[in-house]
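Chemist: The structure is given below, and queries will be raised subsequently.
The values are calculated or read from the model by the stated rules, or taken from the named source; none is laboratory data. The shown structure was predicted, so the numbers you read here are calculated from the model rather than taken from an experiment. All Cβ positions, glycine included, derive from the backbone under ideal geometry; neighbour counts span all protein chains shown. Side chains are part of the model used for accessible areas, which takes the heavy atoms of the whole protein and leaves out ligands, DNA and RNA. Shrake-Rupley method; radii C 1.70, N 1.55, O 1.52, S 1.80 Å.
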Amino acid sequence: MSDFSLNPLNVTINQVSLGNKKLTKSIFNQIEFGDCFTEEMNFAGDAIIGYVKEKDTRYLLWVVNGKLRKRGLTDYRALQIDTEKVSYDKTLWFLNKARLKYKVADDNRVKLSAWLEDTERYITLVNKVKTFLETLTDKQIYI
């Protein structure tokens, strides 16, 4: 039989304060949405506060022009680099956001590689998003 023991650890829990009030779920729900990426998938804000995890969704909390904004990251986290593994309808929003050119056909279940005119640019932009998301790993905010 194995011996188990609990060892105390120091843990840092990040908390955001607005003025002299702690960021609560109620306040968080009142923060306006805004898209944090330009069409070239560069960060569009002035500062990243961190991310809040709610069930299976992560929300980026960020500042632009002195205003606090949030953005759900689920769609960005789901982007696939391999264009043979993703369908057009799963990334239509991203294609339009990045102004990537694509061909329209009758069957939207066809793999993305058959639709894209510039697969290389798509892969580059998705890689930029993935790299950005990796930088958030240690920036979780608890509310």
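Chemist: Among what's in region 1-50 and is among the small types (Gly, Ala, Ser), in a strand (DSSP E or B) and under 17 Å from the mean Cα position of the chain (by Cα), pick the residue that is farthest from Gly66 (Cα to Cα).
Modeler: So in region 1-50, the residues among the small types (Gly, Ala, Ser) come out as 2, 5, 17, 19, 26, 34, 44-45, 47, 50.
Retained after the next criterion (residues that are in a strand (DSSP E or B)): 17, 47, 50.
Cutting the leftovers down to under 17 Å from the mean Cα position of the chain (by Cα) gives us 47, 50.
Values: Ala47: 9, Gly50: 16 Å.
Ranking the qualifying residues of region 1-50, first place goes to Gly50.
Per-residue answers, yes or no, for (1) β-branched (Val, Ile, Thr); (2) in contact with a strand residue (DSSP E or B) (Cβ under 7 Å, 6 or more places away or on another chain):
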{"site": "Gly66", "(1), (2)": "no, no"}
{"site": "Asp75", "(1), (2)": "no, no"}
{"site": "Asp82", "(1), (2)": "no, no"}
{"site": "Lys85", "(1), (2)": "no, no"}
{"site": "Lys90", "(1), (2)": "no, no"}
{"site": "Glu117", "(1), (2)": "no, yes"}
{"site": "Thr124", "(1), (2)": "yes, no"}
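Results for (1) under 28 Å from Arg121 (Cβ atoms); (2) not polar (S, T, N, Q), shown as yes or no for each residue.
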residue	(1), (2)
Ser5	no, no
Asn20	no, no
Lys25	no, yes
Ala44	yes, yes
Val52	no, yes
Tyr59	yes, yes
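Chemist: Hey, another quick one. Touching a Gly at 6+ places or on another chain (Cβ under 8 Å), touching a residue at least 40 places away in the same chain (Cβ under 8 Å), open to solvent by less than 10 Å² (accessible area, probe 1.4 Å) and under 13 Å from Cys36 (Cβ atoms): is that true of Leu61 in this structure?
Modeler: yes
Chemist: Right, next: State which residue is nearest to Asn29 (Cα to Cα) when the search covers only region 64-82 and only residues that are surrounded by fewer than 16 Cβ atoms within 10 Å (Cβ to Cβ) and among the charged types (D, E, K, R).
Modeler: Among those residues, the one meeting the criterion is Lys67.
Chemist: Now a separate question. If you take the residues of region 109-143 that are open to solvent by less than 50 Å² (accessible area, probe 1.4 Å), in contact with a Lys or Arg (Cβ under 7 Å, 6 or more places away or on another chain) and not in a strand (DSSP E or B), which of them is nearest to Leu23 (Cα to Cα)?
Modeler: Among them, the one singled out is Leu133.
Chemist: Every residue in region 8-37 that is open to solvent by less than 70 Å² (accessible area, probe 1.4 Å), in contact with a Lys or Arg (Cβ under 9 Å, 6 or more places away or on another chain) and among the polar types (S, T, N, Q), please.
Modeler: Asn14
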